[in-house]
Amino acid sequence: MEALEHFLPEVWFVILALFLFLYVMLDGFDLGVGILSLTSDDDDRRGILMTSLGNVWDANETWLVLMGGALFGAFPLAYGTILSALYIPIMGMVFGLIFRAVAFEFREHSNRKYFWNLAFGAGSFLASLGQGFALGSVLSGISVDDSGHFIGTTWDWLNWKSILVALTLIQGYVLIGSTYLIMKTDGELQRTHYRTAKIATVTTLIGAILITISTPVFYENTRSRLFHQPEIYIFALIPILGVLLIWQLFRSLQREEERAPFIWTILIFLLSFIGLGLIVFPYVIPTHITIYQAAASSSALVFMIIFIGFLIPIMLFYNIYQYIVFRGKVTGGHYEA
């Protein structure tokens with residue numbers, strides 16, 4: 001029974017990491033396209049950008065809902081503490097997602113589309129910013145008491161680490177959004193996003209380097225873990241693989257390949273998540289609350305695994321089916337096979 005109590009929280013840690021990765025990967029390019037729409041000076045171009053997302057964005061965001069529900073059920077202590085500490089950035093994210101959703105519908109029926117174009121772009125930026133602040137605040141640590149309850153202040157989430165993570169995440173979303181648009185567009189619009197992808201690759205790389213260097217310097221727990229054998233060999237491999245993937249991404253952009261940049265970007269995101277998971281584990285709130293302390297009862301975790309076990313394949317099939325059906329390019333506000 002004791003082994004089961006350790007095994008189940010670890011399984012749910014992996015499941016939540018999977019949900020988070022799928023959300024960041026799928027809704028990440030949604031948000032990136034929205035941010036890029038703010039730089040478009042032509043209404044037809046904005047229409048093409050929004051049409052490229054119109055049939056997939058809502059399914060992408062279901063992973064965020066599923067992740068929130070799973071966190072509440074599997075790690076209720078962490079759920080309550082995180083929401084108490086990050087009320088402002090989470091509400092900012094929610095309002096941003098609402099603006100985006102409303103903009104999709106109202107823009108189609110509006111004669112004056114400027115306001116809804118702005119709401120779509122601003123909502124995407126606000127949601128990305130909120131997510132970045134939330135992630136950065138969790139990684140830098142949340143103030144809790146011995147019982148794991150939040151004891152900090154309203155503005156604890158606003159610090160240099162969360163700002164750095166937020167800016168880097170936004171650049172990462174712009175990068176994956178640009179590579180997505182390379183696949184979905186052609187002509188001058190496609191060439192524009194080859195350029196934005198190159199710029200976003202550089203800015204994301206700079207942010208990732210700063211985070212990688214500053215984390216062990218300012219956080220003793222992370223430093224001791226990174227430089228402990230044999231973990232040091234595993235963590236040393238991640239930056240090497242990261243440099244290789246970024247080089248391949250740059251190479252594919254220089255060759256103006258269509259699908260390869262998006263694939264390399266996904267692999268970069270995946271590698272980043274693997275590194276993040278290795279650093280954070282076994283904490284659900286570094287470095288105070290472990291997954292074992294925050295976990296629900298074993299019976300609840302088993303019941304949720306049975307339920308989620310049926311739901312995940314259905315959602316994956318639905319997502320894959322959507323991308324197969326709407327796999328063509330977007331030209332003049334409609335899809336072409």
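The values are calculated or read from the model by the stated rules, or taken from the named source; none is laboratory data. What you see is a predicted model; the values in this text were computed from it and never measured. No Cβ is skipped: glycine too gets one built from the backbone with ideal geometry, and neighbour counts run over all protein chains shown. Calculation scope for accessible area: heavy atoms of the full protein, side chains included, ligands and nucleic acids excluded. Shrake-Rupley method; radii C 1.70, N 1.55, O 1.52, S 1.80 Å.
Computed values, structure above
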read-out: Test: residue in the range 215-226 that is closer than 25 Å to L49 by Cβ and either open to solvent by less than 70 Å² (accessible area, probe 1.4 Å) or at pLDDT 85 or above (or both); value: no
read-out: Those residues of the range 14-35 which are more than 11 Å from the chain's Cα centre (by Cα) and either within 13 Å of Q131 (Cβ to Cβ) or open to solvent by less than 10 Å² (accessible area, probe 1.4 Å) (or both), in sequence order; value: V33, G34, I35
read-out: Test result for Y321, without any contact (Cβ under 8 Å) to a residue 12 or more places away in the chain, under 30 Å from T196 (Cα atoms), under 23 Å from the mean Cα position of the chain (by Cα) and open to solvent by 40 Å² or more (accessible area, probe 1.4 Å); value: yes
read-out: Whichever residue in the range 88-100 is in contact (Cβ under 8 Å) with a residue 40 or more places away in the chain and of a type in the set (A, V, I, L, M) and, among such residues, is most open to solvent (accessible area, probe 1.4 Å); value: I88
read-out: Selection within the range 52-87 - open to solvent by less than 60 Å² (accessible area, probe 1.4 Å), small (G, A, S) and part of a helix (DSSP H, G or I); value: A59, G68, G69, A70, G73, A74, A78, G80, A85
read-out: Flag for F133 being of a type outside the set (A, V, I, L, M), in a helix (DSSP H, G or I) and more than 14 Å from A85 (Cα to Cα); value: no
read-out: Search result, residues across the range 260-270 that are open to solvent by less than 70 Å² (accessible area, probe 1.4 Å) and more than 13 Å from the chain's Cα centre (by Cα); value: A260, P261, F262, W264, L267
read-out: Among residues of the range 227-238, those that are open to solvent by less than 70 Å² (accessible area, probe 1.4 Å) and at pLDDT 70 or above, counted; value: 4
read-out: Cβ-Cβ under 7 Å pairs, at least 6 apart or on other chains, the range 66-81 side without any contact (Cβ under 8 Å) to a residue 60 or more places away in the chain, far side open to solvent by less than 20 Å² (accessible area, probe 1.4 Å); value: M67/F19; M67/Y23; L71/A78
read-out: Subset of the range 282-302 (residues that are modelled with pLDDT under 85, part of a loop (DSSP other than H, G, I, E, B) and open to solvent by less than 30 Å² (accessible area, probe 1.4 Å)); value: P286
read-out: Subset of the range 176-190 that is of a type in the set (D, E, K, R) and touching a residue at least 40 places away in the same chain (Cβ under 8 Å) - its residue that is most open to solvent (accessible area, probe 1.4 Å); value: D186
read-out: Selected residue [more than 30 Å from S147 (Cα to Cα) and part of a helix (DSSP H, G or I)] from I305, I279, I263; value: I263
read-out: Hits in the range 117-145 - residues which are open to solvent by less than 40 Å² (accessible area, probe 1.4 Å) and under 13 Å from the mean Cα position of the chain (by Cα); value: S124, A127, S128, G130, Q131, G132, F133, A134, G136
